[in-house]
1. Among 294, 282, which is the only one that is surrounded by fewer than 21 Cβ atoms within 10 Å (Cβ to Cβ), at pLDDT 95 or above, farther than 30 Å from residue 56 by Cβ and under 17 Å from the mean Cα position of the chain (by Cα)?
2. Count, please, the residues in segment 187-203 that happen to be touching a helix residue (DSSP H, G or I) at 6+ places or on another chain (Cβ under 9 Å), closer than 16 Å to residue 297 by Cβ and assigned to a loop (DSSP other than H, G, I, E, B).
3. Go through segment 219-325 and tell me which strands (runs of 3 or more DSSP E), entirely inside it, have 1 or more residues that are touching a helix residue (DSSP H, G or I) at 6+ places or on another chain (Cβ under 9 Å) and under 29 Å from residue 360 (Cβ atoms).
4. Can you give me the number of residues within segment 204-217 that are in contact with a helix residue (DSSP H, G or I) (Cβ under 9 Å, 6 or more places away or on another chain) and either at pLDDT below 95 or in a strand (DSSP E or B) (or both)?
5. What about residue 172, is it more than 18 Å from residue 80 (Cα to Cα) and out of contact with any strand residue (DSSP E or B) (no Cβ under 8 Å at 6 or more places or on another chain)?
6. Which of the residues belonging to segment 106-125 are modelled with pLDDT of 95 or more, surrounded by 13 or more Cβ atoms within 10 Å (Cβ to Cβ) and either in contact with a helix residue (DSSP H, G or I) (Cβ under 6 Å, 6 or more places away or on another chain) or farther than 17 Å from residue 200 by Cβ (or both)?
7. Take the residues of segment 160-186 that are part of a loop (DSSP other than H, G, I, E, B) and surrounded by 23 or more Cβ atoms within 10 Å (Cβ to Cβ): which is nearest to the chain's Cα centre (by Cα)?
């Protein structure tokens, strides 16, 4: 087994080094690669996947009970606003009866897999304008949770859902109504269901770490929500895809700016450490966004190349390189990013993917559930 691990690590490092332009960064001195470190076994690392409540043009519908046990949390996509953009939410299983679907959730929960209802998505913005909208949101989600037996709520708001109004300049004291009332709605929901209610969030990079460069509009719009529920959130699984390049906060005085490109290990490493270590909002040290414990940070990636049309997919070698550097502090590729915590973050929470349905395909010549197998291989010898 040790020989197998050594061979896999050596192959991964060699594959990473062979990729041109892998670091995707500028304005920094490359750091030489080192020997592949051994990755410690983990029993607490999470593998989270989104599950489609529809049949896609390139993805099949999978009965919930057939989701591989490798997935420790399933986010059901999505409860939808009715009408579009409003506060009341609706959900019904697309290809199964409510009774069968409720039974499938019970099966997954019995084996130890959390099942959350997710709200949002790229096509379904949710804008809560007042207390009545907030109450409708909380009441409707509560009814969905009770009817089907969900463990909690996953927040996947995109587009105009959390756009900041002009003059809203402090993530600690938001004034934008749609942000204030969404926070209030989620607070109503968590108070109603108690401490066992699971709350997770999957923001885009533009609404999160891009708040370091500037704050306002879509830049940093998620930060008030993250800050309001930082002690309540189980995971923050930011989407490291469909993003473009991003500015990384390095915490190095008088150092040039570091730009990272999606689809590279440095993109994952640099942005993940911003969420762990924190960063100044709008580059103002007086507005410092505190980080989260590493065990709450889950890396969100596309399961297959086709799952993210605008990019961000990491092949298994690059994914292992990013995870290894974050977890051990020892790079196995030519990185331009220096970890702010030299020893790494061994309690890093795990991985999230869009999506389980995509993972089941043979997209771009991959094997079914190859993402799940790669992920589990990072922290155990288990297979999906």
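1. Numbers: 282 fails: under 17 Å from the mean Cα position of the chain (by Cα).
Of the residues listed, the single one that is surrounded by fewer than 21 Cβ atoms within 10 Å (Cβ to Cβ), at pLDDT 95 or above, farther than 30 Å from residue 56 by Cβ and under 17 Å from the mean Cα position of the chain (by Cα) is 294.
2. Within segment 187-203, residues that are touching a helix residue (DSSP H, G or I) at 6+ places or on another chain (Cβ under 9 Å), closer than 16 Å to residue 297 by Cβ and assigned to a loop (DSSP other than H, G, I, E, B) number 1.
3. Numbers: elements: 246-248, 258-260, 298-302.
Where strands (runs of 3 or more DSSP E) fall fully within segment 219-325 and carry at least 1 residues being touching a helix residue (DSSP H, G or I) at 6+ places or on another chain (Cβ under 9 Å) and under 29 Å from residue 360 (Cβ atoms), they are 298-302.
4. We begin by selecting, within segment 204-217, every residue in contact with a helix residue (DSSP H, G or I) (Cβ under 9 Å, 6 or more places away or on another chain); these are 204-205, 207-209, 211-216.
When the remaining residues are screened for being either at pLDDT below 95 or in a strand (DSSP E or B) (or both), the result is 204, 216.
Residues meeting the conditions: 2.
5. On the way: more than 18 Å from residue 80 (Cα to Cα): yes; out of contact with any strand residue (DSSP E or B) (no Cβ under 8 Å at 6 or more places or on another chain): yes.
So residue 172 fits the description; yes.
6. Narrowing segment 106-125 to residues modelled with pLDDT of 95 or more: 106-119.
Among the residues that remain, those that are also surrounded by 13 or more Cβ atoms within 10 Å (Cβ to Cβ) are: 106-109, 113-119.
106, 107, 115, 117 - these are the residues of segment 106-125 that are modelled with pLDDT of 95 or more, surrounded by 13 or more Cβ atoms within 10 Å (Cβ to Cβ) and either in contact with a helix residue (DSSP H, G or I) (Cβ under 6 Å, 6 or more places away or on another chain) or farther than 17 Å from residue 200 by Cβ (or both).
7. Keep residues of segment 160-186 that are part of a loop (DSSP other than H, G, I, E, B), which gives 163, 165-176.
Those still in the list that are surrounded by 23 or more Cβ atoms within 10 Å (Cβ to Cβ) too: 171, 174.
On the way: 171: 20, 174: 23 Å.
Only one residue fits best here, namely 171.
For every residue, the table says whether it meets (1) at pLDDT 95 or above; (2) crowded, with 21+ Cβ neighbours inside 10 Å; (3) closer than 17 Å to residue 238 by Cα.
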site: 315; (1), (2), (3): yes, no, no
site: 322; (1), (2), (3): yes, yes, yes
site: 340; (1), (2), (3): yes, no, no
site: 349; (1), (2), (3): yes, yes, yes
site: 353; (1), (2), (3): yes, yes, yes
site: 358; (1), (2), (3): yes, yes, no
site: 367; (1), (2), (3): yes, no, no
site: 373; (1), (2), (3): yes, no, no
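The values are calculated or read from the model by the stated rules, or taken from the named source; none is laboratory data. Remember, it's a predicted structure, so these values are computed and weren't measured experimentally. With ideal geometry, Cβ positions are generated from the backbone for all residues, glycine too; neighbour counts draw on all protein chains shown.
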